[in-house]
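Engineer: Dropping the structure in here first, questions after.
A short reminder: the numbers here are calculations on the coordinates, not readings from a lab. Everything numeric in this text was worked out from a predicted model, so none of it was measured. So basically every Cβ, Gly included, is an ideal-geometry build from the backbone, and we count neighbours across all protein chains shown.
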Amino acid sequence: MTITVYDINRIRPPKVPDGFKDDGQDPHFVAAPCQVACPVGTDAPSYIAYIWEDKPSEAFEAITATNPFSSICGRVCDAPCEPACRRADSDGPLAIRNLKRFVMDQLGKDHHLPPVEVTRPETVAVVGGGPAGLTAAQDLAEAGFEVHVYEMSDRLGGMMVWGIPAFRLPPGIIEEDMDRMLKHCPGIKVHLNCGLDHGVTLDELKKRHDAVLLTIGAWWGKPMNVPGEDSPRMVDGVSFLREVNGGARPEMPETVLIIGGGDVAMDACRSAKRLPGCKHVKIIYRRGPNEIPARKEELKGAIEEGIEVVYNTQPVGVVEVGNRFALRCVETTLGEPDEDGRRRPVNVKGSERDIDCGMVIMAVGQKAESAELYTAGLMDWDRIKTDWDTMRTGDPKVFAAGDGAFGGSTIVMAMMHGHRAAYYVQAHLDGIVDPLPYRTPYRTRRVPIAQDIHWEVFRRIEQEFHGLGDNPVAFPEIESTYDRKSARDEAARCYRCDAETGSFDYNVRTREDIFVMARARPEDAMLHREVLRKRLDLHHTPYDENHKPALEDLVFLPANLSRLVIDPYRDACRVSCAIADQIELDLPFLVGGFDDAPVELRRALGAALAQKGSAYAGRIPLGETRAPWLQIISATEDTPSADAAAHIIAFREGFKPVEMVRQPGTLRGLAVKTADLEQAIPFALDAEFDLLLLDATPGITRPWPELSGSPDFTVIRDTLRILRRMNREEDIDLIYFGGIRTGTDGAKLVGLGAKVSMVSVAMALALGGRIEDGKVLFRGDRTGEERIDAAASLLSALSAEASIMARCTGKTDVQNIEPEDLRAITMATSQATGIQLPGKRQIIASAAE
Amino acid sequence: MATIDLSLTPVRKANELIRQYGAGGEDVQILNPDARHHIGVGLTHPIKVTVRGSAGYFCAGLCDGPTFEIERNVGWGLADNMLNGTVIVNGNASAIPGVAVRGAEVIVRGNVGSRAGQVMKEGTLLCAGNANFMAGYMMYGGRMIILGNSGAQLGQDMTGGAIYVGGKINDLGTDAMLTDLPADELQELMEFLDKYKVSFNGTFRKVVNAGKKLKYARSEPRVRVIPFFEASGDNDYWNAKVQEDIHVKAQIGRYRIRGYGTSRALPHLSDLAFKRDLSAIPADPDVVGKVNMKTEIGGRSGANPIKLSMPVMIAPMSYGALSKSAKLAMAIASRLSDISENTGEGGMSDEQREEANQLIYQCLAGRLGWNIHDMQRANGLEIYISQGAKPGLGGQLMAKKVTPEIAKIRGIPPGIDLRSPSRHPDVLGADDLVIKVEEFREATGYKTPVSVKLGAGRVRDDIKIAYKDGFDFVELDGMQGSTGAAGNEVLEYVGIPTLAAIQEAMDALKEVGGDKDMPIVLMGGIKDGADAAKAIALGARAVAVGTSAIIAGGCIACLQCHVGQCVVGIATQDPEHEKRYNIQAEAENTHRYLESLRWQMAAIAHAHGYGDIHDMSRGDLVALTPEAAEITGLPYAPEYRNRTESLLVAS
């Protein structure tokens, strides 16, 4: 079965039953290619991201969620995820497998998932303790069933124990995973030295349990069907590995040939090479280097250990004359593709030659055997007859999975069979006659992207390779795991194909849809249709009827042809202004709201404001600074100060007419909110006040009032409406306060009619503040100089942003930005600001509509 | 010597004749020039042209090789973009003489107007009299010799080259400074004066770039972007993205820069739905053959139109922003799908020309890489006024990407943070633009369509000007358009959405009766066949895809294009990174994406019962949001939201 990463199922995953742990429907998630290529859907992007974040326990959870043999897989998985990795096409795939090993090694063997209890009365028998059977056992145990595993050998693990040599999978690793699984699932009961044909019968199991799952493996080597293969010098690969992995270290002849190019062949040749007496090992493979199925890394390891690969060569017989033993081979060329799409090797006539050797190991495939199942009619030649769509055998109570049912494959495929079988066994036990088809779950832990600035340049880091080692016959481990830095650097390389992008238009779903379109064959109308249907369904916008007004939803109209372009990078643009012709500012921003801030901050702020030519508004002055102080006077509590450049009266409970004597050289102002305007504006004009501070927050006298949420923009809209109605727009200056985050916001406020905007929380953040519990908290984590620099830098940036907006509209003075330069792109914002929409009607949305 | 009398022969005919004489190696004299515009434009042979009188705008413009002598005065734009050759003016020259020259020697014996030598790259401009203000404005290279006095802001924002002044210097422009004049350089100057028999007895002073504005003082800390939804829609007002933005600006003291387009959700084509239920569209492999998709664009004034197998173009993207490999892949993909490719700002490469069947050549204010030969081998010309991603601003290419090779093709110094000028030196308003368009037509024998690219702003007004200025088509770019680098605020908040842009354009064209006459190519966030079909239903003649085509070719949308270390080798000039990009494979991926787009468009049109994609109309659409309804005037029909999804669930 081939896995296609770029098919419709990845971008539009099929439905799954309720309760299935899957995030396929999350609009901000598409399973990454590596996750889809993994038969058990391992959430590799999340565990990789957790490694970068130094969160090994979280990484462990992501790794083991669908993989009970993570320590084993961290070393020997054939890792189909890696060729699928998108970075494989640029500078090499992420070392996903090595990173898994790093996590497992780092946490050690005692770390396990919390235990799950038995909650169901039914029990299940699993015959065969290999990866398929045990994976199913774990799933069923997690679902609450008691599971009895019958294993014919003396230990759990199946081919993981008997098929993989210790130099790749050292002793203890398998036990580690088994212990973890049994600690996690106390409901799994293990019966060793007990299996079909070995002390228990199928009928007994069916009587004892409510369902039986056969995961008997494919333990026996397939014959090659060439004359002479029954010679004692011809041995089968799985048997050879079983003997060696059982602890034997047989004396080998000088030259050993391995026939086959799969993983068994790789393990067999590398084992032979390490055994006493063996000098030369050659792999005989019937196709070419591009076709050899062994994992590239294994093949590379073998070659580095001195093993020769003879390609395009097919054995046709055995030559045994006296002491001479040789394998007779012919050369092959590649012919037409066969049914599984691989090109068939064709023998070249007259190319026979004999390759001398002392022993031949045949690794050309495995088969299952069971006399009892054969008698029961459940076998189909060398496999258990099993329906892939239900994992059922001919017996309604008996299910099958793994190599024994579907032929030799990898550990991770066997685990996938285990999950699949468990799903159908559970459906059977739940009485669901026709369950939704099983699919691999795609989960995400929604881990943020690694913020490593070198992610683009880091090269793939390999584990240290030791090869045969000093004492090959002891089978020392060939590689050692990463150190922490290497692991984090490798993790930083991840593209994070699973994660949402920074762009709404090119969000993760759209990007992946485009990737699929870019890999659809032009004639694949089915795929085109499915992508189109998906694209047509994608109405996903935050702009529904309930959208709130926002400054973000105002845009500027750029200069083009009807208004002349200026050169925004170069042409001068004035940013300075004066409040009521008196308080001169070098930029259209002032800062306020630091009355309760620590003195170090106030001092730094004062220095930065003086440096940048801005001003401060607050109830108490900042102290030693040349920057003008606009005193906010709480109508009932404060007295006007002679040091202030302006006196601005604020009301806690709404506007009331007040007396305020004009001090020579000091401006007079009122801080007002939307509800105050109809009363306050005529009052301010009558009393010849100089300025209005338009408060779009819940109250300027409260601490950090901007933190309570979106500002009330109607305050500026209504102020302008009233002033225009009175035809007195030019008679009073407007300072706006509430939610200014960028210089662009400030430029928009100028367009709406304000002269200057007051910044508070944004400046607090620049000064190192952190928002917590509705307050801004500061720490002694930077010097005064650093704070001055940060505050001055923010002011520069705000000023630069405001001026670039003005320049884009073709203006050479920020104060010349007009409502006409703006458009609202949502109804709510149009309504709240009085700015028209672009397009057909160009209306100003009103509340009545 | 041949003679052409402009009182008898129109300039267009005269230029044809001059080119014929040029091909035959025969010199020409022009009688009765009477300050007519475009005399001698587009000449690529080394003959001598003598103008017996005064010439108007763009005399000797867009030439390579000839020698011109003008007996009296010239209008503005003398020797515009001239590569090799010589121009001698015996009288005065108006504004911008020697604009964008790339090697020619331009001698004005009298005075010169303002902005002499603006954006010049190479060659010599000699003014024997006085120069008006801003001489050497934004010059990138070459030398300017002013024997008399220079006006205000001499060398304003010059990047490279040198200005030698013999008289008084009124004042120096921003980022210009005086420097020593080495003896050998003086010797060269005097030799040059001798060559043209110009005498000079005074002392030269030399002005060069001061290097204070070429690179940003503090580099922006690199971070990978926060997902868009963290700060889009109704979100926490002081969300993580807002905070990150403030923290970064508190470090660098200026606006931030990044790649891609708007990150926020805007009203867009996805807020429209087809009225017809398309959930049952069959998987018809032959549907492409059942709907006519062929589209011709640009024949409005008799030029050879761009011929497209479907109403789709590759949007302009520069070699510079993108690697050469990525540009080549786009060219190959455009050929495989039989549509057009566009050079963008960075000039045309031979390989690109070879691979693309239909290639549009983009002319920007900096005239980077601009030249007559590439104009003449282009299938279309495009005057860039602005782009959707950063309307009102020129291109921005960070120093890391201004490699020696890029610098060479653009004619600029390597290693600068390039901020391209946004205002054409010779186009200050709609009237100048008409004359500029005519110059291009003269240079290409009226065979090549001339288009204009507009970032969407006051589209309703701008499009009428474009129509009156006689453009063959308009490339209209909504604010969702992407770029390799721009200020974040400009990306997010300048311009109007693509949806509003096409609506205003069509309304404006109807008002002036041009809706059937001047085609609009819509771009800015076109992602799939549904977007394209909706754009066409709203009145666009074609769409252009940029970002989508790049994604099809392997871009992962990390928005870090400006950094120059593109992880997949697309937006980079670093050979180590470019190596990661497989041209052939990505060209094929992009081609397949385009074919999928084709299938989707055809399937949509066919499902509507149309035999031609251009039969799609507004009547086929409804609006899913109140904003989309107001912007387009289409009926508001929220019941169409997720209609197919609900049908699927029901079934």
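Engineer: Give me the Å³ per residue figure for the convex hull around the C-alpha atoms of the range A:304-407.
Structural biologist: 195
Engineer: Right, another one. When Rg is the radius of gyration of the Cα atoms in the range A:577-818 and Rh is its Kirkwood radius, what does Rg/Rh come to?
Structural biologist: Working: Rg = 16.8 Å, Rh = 17.8 Å.
Checking Rg against Rh, the ratio lands at 0.94.
Engineer: For the pair A:VAL473 and A:ASP686, how long in nm is the line joining their label points, each one 7 Å along Cα→Cβ?
Structural biologist: Inter-label distance under the simple model: 11.1 nm.
Engineer: Compute the FRET efficiency between A:ASP781 and A:LYS109 as 1/(1 + (r/R0)^6), taking r as their Cβ-Cβ distance and R0 = 30 Å, and round to the nearest 0.05. Let's see the in-between values first.
Structural biologist: Details: r = 40 Å, r/R0 = 1.34.
My answer for the efficiency is 0.15.
Engineer: Additional query: Based on the alpha-carbon gyration tensor of the range B:371-520 and its eigenvalue square roots a ≥ b ≥ c, which shape applies: rounded if a/c is under 1.5, prolate if not and a/b is larger than b/c, or oblate? Spell out each step's value before the answer.
Structural biologist: Details: a/c = 2.32, a/b = 1.24, b/c = 1.88.
Here the range B:371-520 falls in the oblate category.
Engineer: Roughly how crowded by other chains is peptide B:411-424, in terms of the mean Cβ count from those chains within 10 Å of each of its Cβ atoms?
Structural biologist: Values: counts 0, 0, 0, 0, 0, 0, 0, 0, 4, 2, 5, 11, 9, 1.
Whole-number average of other-chain Cβ neighbours for B:411-424 is 2.
Engineer: Using only helices, what value at 222 nm comes out for chain B when you add -39,500 (n - 2.57) per DSSP H run of length 4 or more and divide by the total residues, to the nearest 500 deg cm²/dmol? It would help to have the intermediate numbers written out before the result.
Structural biologist: Numbers: 18 runs with 178 residues, N = 651.
Mean residue ellipticity, 222 nm, calculated: -8000 deg cm²/dmol.
Engineer: At 24 angstrom or more along the helix axis (alpha-carbon based) and mean Kyte-Doolittle of 0.0 or higher, what helices does chain A contain? Whole DSSP H runs only. Kindly include the intermediate steps, with their values, before the conclusion.
Structural biologist: On the way: long enough: A:411-429 (26 Å, 0.47); A:784-808 (36 Å, 0.43).
Correct list, ordered by number: A:411-429, A:784-808.
Engineer: Taking the radius of gyration and the Kirkwood hydrodynamic radius from Cα positions alone, what is the Rg/Rh ratio for the range B:2-209, to two decimal places?
Structural biologist: A ratio of 0.99.
Engineer: Could you work out the relative contact order of the range B:2-209? I mean the mean sequence separation of Cα pairs under 8 Å and 6+ apart, divided by the number of residues, in percent. It would help to have the intermediate numbers written out before the result.
Structural biologist: Working: 713 pairs, mean separation 21.1, N = 208.
So the answer I get is 10 percent.
Engineer: Separation between the A:ASP483 and A:THR375 pseudo-spin-labels, each 7 Å from Cα along Cα→Cβ, expressed in nm?
Structural biologist: The two pseudo-label positions are separated by 6.2 nm.
Engineer: Let me ask something else. Rounded, prolate or oblate: which fits the range B:410-487 when a ≥ b ≥ c are the square roots of the eigenvalues of the alpha-carbon gyration tensor, with rounded for a/c under 1.5 and prolate only if a/b beats b/c?
Structural biologist: On the way: a/c = 1.98, a/b = 1.26, b/c = 1.57.
Since a/c reaches 1.5 but b/c is at least a/b, the shape of the range B:410-487 is classed as oblate.
Engineer: While we're on this one: Which order do the peptides A:474-485, A:428-439, B:125-136, B:301-312 take when ranked by the mean count of other beta-carbon atoms within 10 Å per residue, highest first? Don't jump to the answer; show the numbers that get you there.
Structural biologist: On the way: A:474-485: 16.0, A:428-439: 13.4, B:125-136: 25.7, B:301-312: 20.2.
Descending mean neighbour count gives B:125-136, B:301-312, A:474-485, A:428-439.
Engineer: So which of B:LYS215/B:LYS408; A:LYS296/B:LYS527; B:LYS168/B:LYS195 end up more than 27 Å apart by C-alpha? Could the numbers behind the result be given before it?
Structural biologist: Values: B:LYS215/B:LYS408 19 Å; A:LYS296/B:LYS527 38 Å; B:LYS168/B:LYS195 24 Å.
Going by Cα-Cα distance, A:LYS296/B:LYS527 fall outside the 27 Å limit.
Engineer: Right, something else. Averaging sequence separations of C-alpha pairs under 8 Å and six or more residues apart, then dividing by the length of chain A, give the relative contact order as a whole percent.
Structural biologist: On the way: 1726 pairs, mean separation 99.1, N = 849.
Rounded, it is 12 percent for chain A.
Engineer: Need the full-extension length gain, A:VAL118 to A:ASP203, defined as separation in residues times 0.36 nm minus the C-alpha distance. One decimal, nm.
Structural biologist: 28.1 nm
Engineer: Expressed in nm to one decimal, what extension gain is obtained for the pair A:SER351 and A:ASP596 from 0.36 nm per residue of sequence separation less their Cα-Cα distance? It would help to have the intermediate numbers written out before the result.
Structural biologist: On the way: separation 245, 0.36 × 245 = 88.20 nm, distance 9.27 nm.
Full-extension gain reported as 78.9 nm.
Engineer: I've got another one for you. Nearest 0.05, what FRET efficiency do B:SER279 and A:ASP434 give at R0 = 35 Å with Cβ-Cβ as r?
Structural biologist: Details: r = 25 Å, r/R0 = 0.72.
Given R0 = 35 Å and the Cβ-Cβ separation, E is 0.90.
Engineer: I need the Debye-formula profile for the range A:34-170: one equal scatterer per C-alpha, no solvent, reported as log10 I(q)/I(0) at q = 0.16, 0.21 1/Å, two decimals.
Structural biologist: -0.92, -1.33
Engineer: May I ask for the equivalent-ellipsoid semi-axes of the range A:32-73, computed as the square root of five times each C-alpha gyration tensor eigenvalue and listed largest first in whole Å? Please list the in-between numbers first.
Structural biologist: Details: eigenvalues 53, 34, 9 Å².
After scaling each eigenvalue by five and taking roots: 16, 13, 7 Å.
Engineer: Return the Cα extents of the range B:1-75 along principal axes one, two and three, sorted largest first, each rounded to a whole Å.
Structural biologist: 26, 22, 19
Engineer: For an R0 of 45 angstrom, estimate the FRET efficiency from the Cβ-Cβ distance between A:GLU730 and B:MET177 and round to the nearest 0.05.
Structural biologist: Values: r = 43 Å, r/R0 = 0.97.
Given R0 = 45 Å and the Cβ-Cβ separation, E is 0.55.
Engineer: In the range A:650-741, if every C-alpha pair distance is counted and binned at 10 Å from zero, what percent goes to each bin?
Structural biologist: 17, 51, 29, 4
Engineer: Ok, one more. Give the Rg (one decimal place) followed by the Dmax (whole number) of the range B:288-617, computed from C-alpha coordinates and expressed in Å.
Structural biologist: Final numbers for Rg and Dmax: 18.2, 57 Å.
Engineer: Which percent, nearest 5, of DSSP beta bridges in the protein assembly as shown are antiparallel? Please list the in-between numbers first.
Structural biologist: Working: 52 of 186 bridges.
If I count the DSSP bridges inside the protein assembly as shown, around 30 percent turn out antiparallel.
Engineer: Which aspartates and glutamates does B:LYS510 reach when only Cα atoms under 15 Å apart count, and residues fewer than 8 places away in its own chain are ignored?
Structural biologist: Result set, ordered by chain and number: B:ASP461, B:ASP462.
Engineer: Then there's this: Helix B:11-24 against the longest principal axis of chain B: what's the angle in degrees, Cα atoms only, rounded to the nearest 10?
Structural biologist: Long axis of B:11-24 versus the principal axis of chain B: about 70 degrees.
Engineer: Let me ask something else. Considering the Cα trace of chain B, what is its radius of gyration and what is Dmax, both in angstroms?
Structural biologist: Both quantities, over Cα of chain B: 26.0, 94 Å.
Engineer: Considering the Cα trace of chain A, what is its radius of gyration and what is Dmax, both in angstroms?
Structural biologist: In Å, with Rg to one decimal and Dmax whole: 37.4, 126.
Engineer: Name the aspartates and glutamates eligible as straight-distance cross-link partners of A:LYS755: C-alpha to C-alpha under 15 Å, and not fewer than 8 places from it in the same chain.
Structural biologist: Leaving aside aspartates and glutamates fewer than 8 places away in the same chain, those within reach of A:LYS755 are A:ASP581, A:GLU584, A:ASP586, A:ASP690, A:ASP695, A:GLU729, A:GLU730, A:ASP731, A:ASP733, A:ASP745, A:ASP813, A:GLU818.
Engineer: To check you understand DSSP bridge types, tell me what percent of the beta bridges within chain B (both residues inside) are antiparallel, rounded to 5. Present the calculation step by step, with values, prior to reporting the outcome.
Structural biologist: Numbers: 18 of 87 bridges.
Expressed as a percentage, antiparallel bridges in chain B total about 20.
Engineer: Measuring from label point to label point, each 7 Å out along Cα→Cβ, what is the B:ARG218 to A:GLU308 span in nm?
Structural biologist: That separation, rounded to one decimal, is 6.6 nm.
Engineer: Going through the cross-link list A:LYS840/B:LYS468; A:LYS548/A:LYS840; A:LYS21/A:LYS207; A:LYS840/B:LYS290; A:LYS55/A:LYS548; A:LYS612/B:LYS400, which pairs have a Cα-Cα distance over 27 Å in this structure? It would help to have the intermediate numbers written out before the result.
Structural biologist: Values: A:LYS840/B:LYS468 22 Å; A:LYS548/A:LYS840 23 Å; A:LYS21/A:LYS207 32 Å; A:LYS840/B:LYS290 33 Å; A:LYS55/A:LYS548 38 Å; A:LYS612/B:LYS400 31 Å.
From the list (A:LYS840/B:LYS468; A:LYS548/A:LYS840; A:LYS21/A:LYS207; A:LYS840/B:LYS290; A:LYS55/A:LYS548; A:LYS612/B:LYS400), the Cα-Cα distance tops 27 Å for A:LYS21/A:LYS207; A:LYS840/B:LYS290; A:LYS55/A:LYS548; A:LYS612/B:LYS400.
Engineer: Pull up the DSSP beta bridges for the range B:288-617 and report the antiparallel fraction as a percent, rounded to 5.
Structural biologist: Numbers: 6 of 35 bridges.
Percentage antiparallel, nearest 5: 15.
Engineer: For the range B:184-313, what does the alpha-carbon gyration tensor say about shape, rounded, prolate or oblate, given a ≥ b ≥ c as the root eigenvalues, a/c under 1.5 as rounded, and a/b over b/c as prolate? Don't skip to the answer; put the middle values down first.
Structural biologist: Details: a/c = 4.66, a/b = 1.44, b/c = 3.24.
Oblate shape, in that a/c is at least 1.5 and b/c is the bigger or equal ratio.
Engineer: Need the full-extension length gain, B:ASP184 to B:GLU511, defined as separation in residues times 0.36 nm minus the C-alpha distance. One decimal, nm. Can you show the working numbers first?
Structural biologist: Numbers: separation 327, 0.36 × 327 = 117.72 nm, distance 6.36 nm.
That works out to 111.4 nm of additional length.
Engineer: Can I ask one more? Cα to Cα, under 16 Å, and not fewer than 8 places away if on the same chain: which aspartates and glutamates meet these conditions relative to A:LYS206?
Structural biologist: Reachable aspartates and glutamates: A:GLU122, A:GLU146, A:ASP197, A:GLU372, A:ASP395.
Engineer: Counting each pair of different Cα atoms once, what's the Kirkwood radius of the range A:222-365 in Å, rounded to one decimal? Please report the intermediate quantities before stating the final value.
Structural biologist: Details: mean 1/r = 0.0651 Å⁻¹.
That comes to 15.4 Å for the range A:222-365.
Engineer: Across the protein assembly as shown, how large is the tail of the calculated P(r) beyond 54 Å, expressed as a percent of all Cα pairs? Each step should come with its number before you reach the end.
Structural biologist: Numbers: 441983 of 1124250 pairs.
Roughly 39 percent, once rounded to a whole number.
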